[in-house]
Amino acid sequence: MSLRRRVLVGFLAVAAVLVITNLALSSPLRSFLVDRVDRQLIDVASRPVFGGDRGRAPGPPPGESQTFTEYFIAVGDRNAANFSRRSSAFSDEEQPPPRLEQAQVLAHATRRGVPPRPFTALAERGRESWRLVAVSSPRADQITVVGTSLDEVDATLGRIRLVQLAGTTAVLLALGVVSWWMLHLGVHPLEDMARTADAIAGGDLSRRVDHPGQKTETGRLGKALNSMLERIEDAFRAREESEERVRRFAADASHELRTPLTSIQGYTELWRAGGLASEETLAEAMRRMEQEARRMAALVEDLLLLARLDQHRPLERSTVRLDELAADGVRDARAVEPDRPIDASLEPVVLDGDEMYLRQAVANLLTNARVHTPAGTPVRVSVGVNEGHARLEVADGGPGMDPATVAKVFERFFRADPSRARAAGGTGLGLAIVAAIAEAHGGRAVADSQLGRGSTFVVELPLSLGSVQAALLRRELP
Ligand code: ADP
């Protein structure tokens, strides 16, 4: 059963209980009031003045006229007929008297000294009713009927019923308002939430729940739902972005592999068509094919390395001296290009890292400095500790890069000048690998460059505990 229906059923149940209670109360109330009238009547009728002998004038005794004016008093003969003699204090014109039925009067008449038995009779005219007692004289030749109108009782009951009706209506109205308020505050927001949830289930992840603030339960629920939806949407967006990245990466990798493959295929077709007849052309074709194959191998090598880093497998960590790795890299670079001035400023830094990956990062940065700057451009390599991090820096005095290029250098397959970079043998993955290696160690890679002012690439890595201690010791010992 829905909450709305439950509230409605509750409301109807309370209304029914109220009406039934009112009805059930009304009958005992009338009995109670009539009972009081009866007691008064019995009290009056048991006074010695009533039920006296024949010949006594009916009516109030001298001096008591005021007390008895409200009572109807009539005296009849033994057969309860001829009630012509009535209380002089009673006026027929003002109030219609009760209709005295002989059988009824005789049935209820009691002798003096015996408790009277009150009975009800209708008025001679109109709808008024009377409460009467009949007392017979000691010799039973005369019957005195004393009565009082139930007018007051009926009026009181009428007033009480009016009050009950007004009270019940007020209670039901208040209950109605409270029910409406409860539904408005509790059920409407829930219905809204259900509608929003349906819309979200239909694929509209941007929908949010309207909620009336933090003060109500539904408000808190709405807020919690919204923050949950926010997270779900973020997770979906991140997944979509990651899928898009993977798609783009696969497409770029296929494209990069196709270029050397097409080249090799072209040479083989040329050879089959007899285009490489002479010794020199064949040797040149073989050299080019070998070059392309090497490029492909380097690309596949880089792709495999990135794929491994993407899997976030645990690193093969060991205690590594970053300064020694950098010194090896500088030595290799000097061997490849002896004419380039490479300045090295290497502080001893101990790291807990993957040596093979870190060697790869140093090599990639030095290769870039060699490949993307004119021959002879000075390069400076430094290793040190900065703000609690190990810092490897490779700076060159080359042509530098514009800000748009700097923002993209760590993207996969990004090249500022694709044809030149390709001709230089680059795969476009060198810096992406450096960044992935830094991240795998819990660090980061940043580039700082300006056109005409050279480029600086920095790799920041968390220090091992031993290195922190060494740095502290260095600071203490002059
Ligand atoms: P690759 O070197 O194989 O092209 P990288 O990812 O190593 O790929 O570098 C991406 C691009 O960043 C390069 O193509 C080049 O345009 C630019 N770049 C990298 N290092 C330097 C540098 N030291 N000086 C100027 N440009 C650089």
### Task
Any chance you could give the angle, 0 to 90 degrees and rounded to 10, that helix 430-440 forms with the longest Cα principal axis of the chain?
50 degrees
### Message
Taking loop as defined by DSSP and a crowding limit of 12 other beta carbons within 10 Å, which GluC sites (Glu not before Pro) in the stretch 93-148 fit?
### Response
GLU93, GLU94
### Query
Taking Rh as the Kirkwood radius, which is the inverse of the mean 1/r over Cα pairs, what is the Rg/Rh value for the stretch 339-451?
0.95
### Query
In degrees from 0 to 90, rounded to the nearest 10, what is the angle of the helix 322-336 Cα long axis to the longest principal axis of the chain?
40 degrees
### Query
Which value, in debye to the nearest 20, describes the size of the charge dipole of the chain about its Cα centre when Lys and Arg Cβ atoms bear +1, Asp and Glu Cβ atoms bear -1, and nothing else is charged?
2700 debye
### Query
Of HIS184, HIS441, how do they rank once you tally other Cβ atoms within 10 Å and put the fewest first?
HIS184, HIS441
### Summary
Here the equivalent ellipsoid of the stretch 378-422, derived from its Cα gyration tensor, has semi-axes (largest first, whole Å) of 25, 14, 10
## Note on the structure
With label points set 7 Å from each Cα along the Cα-to-Cβ direction at GLU241 and VAL163, the distance between them in nm comes to 7.4 nm
#### Entry: Residues whose placed amide H lies under 5 Å from that of ARG111, excluding near-sequence neighbours
SER136
### Summary
Note: the stretch 225-367, point scatterers on Cα, Debye, no solvent; log10 I/I(0) at q = 0.11, 0.16, 0.17, 0.18 Å⁻¹ equals -0.75, -1.03, -1.06, -1.09
### Query
Semi-axes, largest first, in whole Å: what does sqrt of 5 times each Cα gyration tensor eigenvalue give for the stretch 191-302?
64, 13, 6
#### Entry: the stretch 265-307: proportion of alpha-carbon pairs further apart than 15 angstrom, %
51 percent
### Task
Enter the angle in degrees (range 0 to 90, nearest 10) between the Cα long axis of helix 188-201 and the first principal axis of the Cα atoms of the chain, meaning the one along which they spread out most.
30 degrees
### Task
Restricting things to alpha carbons, tell me how big the chain is in terms of Rg and Dmax, in Å.
56.4, 172
### Task
Please give the calculated 222 nm ellipticity per residue for the chain, where each DSSP H segment of at least 4 residues contributes -39500 (n - 2.57) and the sum is spread over every residue; nearest 500 deg cm²/dmol?
-18500 deg cm²/dmol
### Message
Out of the GluC sites (Glu not before Pro) in the stretch 350-458, which ones are loop residues according to DSSP with at most 12 other C-beta atoms within 10 Å?
### Response
GLU387
### Surface/4 of the Cα convex hull for the stretch 221-269, nm²
3.1 nm²
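Quick note: the coordinates plus some simple rules give every number you see, no bench work behind them. As the structure is a computational prediction, the values presented were derived from the model and not from experiment. For neighbour counting, all protein chains shown are included, and Cβ atoms are generated from backbone atoms with ideal geometry for every residue, glycine included.
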